[in-house]
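The values are calculated or read from the model by the stated rules, or taken from the named source; none is laboratory data. On a predicted model such as this, the values are computed, not experimentally measured, just so you know. Note: ideal-geometry Cβ built from the backbone for every residue, glycine included; neighbour counts use all protein chains shown. Each accessible area value is taken on the protein alone, full model and side chains, heavy atoms only, with ligands, DNA and RNA left out. Shrake-Rupley method; radii C 1.70, N 1.55, O 1.52, S 1.80 Å.
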Amino acid sequence: DLMPREFPAGTAVEPLLAPQHLAGLRVLVRARGTREPLEPVRFLGNRSSGKQGHAIADEAAARGAKVTIVTTAGRPVAAGVEALAVETAAEMEQAVLSRSDAADVVVMAAAVADFRPAVRHDQKIKKAGGTPEIVLEPTPDILAGLGRRKRPGQTLVGFAAETEDLRANAGAKLAAKGADLIVANDVSAPSVGFEHDTNQVLIMSGSGIERDIPLSDKRAVARAVLDAVVSSRATHPPDLLPNDNHPGSDT
Ligand code: PMT
């Protein structure tokens, strides 16, 4: 007969029944470390591999979102995910700003350089010239900029890479950058943060809710982050309006 039946325990129905909480939403994810060139050969970089950000993009796509990832190199992305490749913080800022107004959810998992060489030499610096002095200048804080222009209906998720006082430092970043959620990791702990396949995070919301995610693979952390996004949006009902319904969204 055609009547629905209960699935026997242990069958592979979970993906079909998994809540598509993000269907119809536009999710913008930033992943991987930036590279700030000193000259054609050398750059200032960091150890972010993009694994955490890409796991979030893939999980969001699996939940039905329309996903764009701004990333700094060619890690493969899930089918249907739009990827914009960038190198520097300035390029990342431009790419993020080109998509952020349309995004319902923005997740900033990238490690962006805070400083870049003030001068970018056209030629390789030669050893014969002696030890060069490298002067640095600050880069734009992309997350703080997005916090300032955040429109109603948009959920902004920052990350915080800390090596001490995780809760206090991450709480300060949550407030300073105008994010709705901050995902804090103690990158000095074993198997946590940069390059590892696993991560351990504390998710904090602006309304004071905290959730500890024990050491797990980065896809599981991605699920927890997106669950927190869904809860955050559910507790702010006006935020659930699709952004096309916001008359001021293009200003
Ligand atoms: O990429 P993996 O190897 O998987 O590693 C994952 C990770 C450790 C990179 C990730 O979990 C993480 O912590 N990402 C944030 C790294 C970081 O730059 O943290 P921060 O505390 O310095 O910056 C705080 C927030 O401001 C971040 O969301 C960052 O993207 C943002 N920021 C920082 C500087 C800047 N100029 N612009 C920014 O938008």
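Site pair residue 99 and residue 119 shows an inter-label distance of 3.6 nm when each label is modelled 7 Å from Cα along Cα→Cβ.
When each full DSSP H helix of the chain is screened for a Cα extent of at least 20 Å along its own axis and an average Kyte-Doolittle hydropathy of at least -0.5, the helices passing are 218-234. The modelled label-to-label distance for the pair residue 189/residue 176, using points 7 Å beyond Cα in the direction of Cβ, is 2.2 nm. Counting only protein heavy atoms and using a 1.4 Å probe, what share of the accessible area of the chain belongs to carbon plus sulfur, as a whole percent? Carbon plus sulfur share of accessible area: 54 percent. For the chain, with equal point scatterers placed on the C-alpha atoms only and solvent neglected, what are the log10 I(q)/I(0) values from the Debye formula at q = 0.07, 0.13 1/Å, to two decimals? Each listed q corresponds, in turn, to -0.27, -0.83. Taking every DSSP beta bridge that has both residues in region 71-194, what percent is antiparallel when rounded to the nearest 5? Expressed as a percentage, antiparallel bridges in region 71-194 total about 20. Taking 0.36 nm per residue of sequence separation and removing the Cα-Cα distance, the residue 234/residue 216 pair yields an extension gain of 3.9 nm. Of the listed residues 25, 181, the order by accessible area with a 1.4 Å probe, largest first, is 25, 181.
Just checking the listed ones, 36, 87, 133: in the Gaussian network model of the chain with Cα springs under 10 Å, the one fluctuating most is 133. In this calculation the C-beta distance from residue 207 to residue 150 is compared with R0 = 22 Å, giving a FRET efficiency of 0.90. A dipole drawn for region 35-172 from +1 and -1 charges on Cβ atoms has a positive end, and of 146, 48, 86 the residue lying farthest that way is 86.
Within the chain, which is the longest segment containing none of the trypsin sites (Lys or Arg not before Pro) that sit in a DSSP loop and have at most 13 other Cβ atoms within 10 Å? Walk me through the numbers on the way to the answer.
On the way: sites that count: 5, 47, 120, 124, 126.
Within the chain, the longest run free of exposed trypsin sites (Lys or Arg not before Pro) spans 127-251.
Nearest 20 debye, what's the magnitude of the dipole of the chain about its Cα centre given +1 on Lys and Arg Cβ and -1 on Asp and Glu Cβ? Let's see the in-between values first.
Working: 29 positive and 32 negative charges, 100 e Å.
Using Cβ point charges on Lys, Arg, Asp and Glu, the chain gives about 480 debye.
The stretch between residue 197 and residue 164 holds 9.7 nm of extra length on full extension. This uses 0.36 nm per residue minus the Cα-Cα distance.
How much area per residue is accessible in the chain when the probe is 1.4 Å and only protein heavy atoms are counted (Å²)? Mind showing how you got there, number by number?
Details: 13710 Å² over 251 residues.
Averaged over the residues of the chain, the accessible area is 55 Å².
Summarising the strand pairing of the chain, around 40 percent of its internal DSSP beta bridges are antiparallel.
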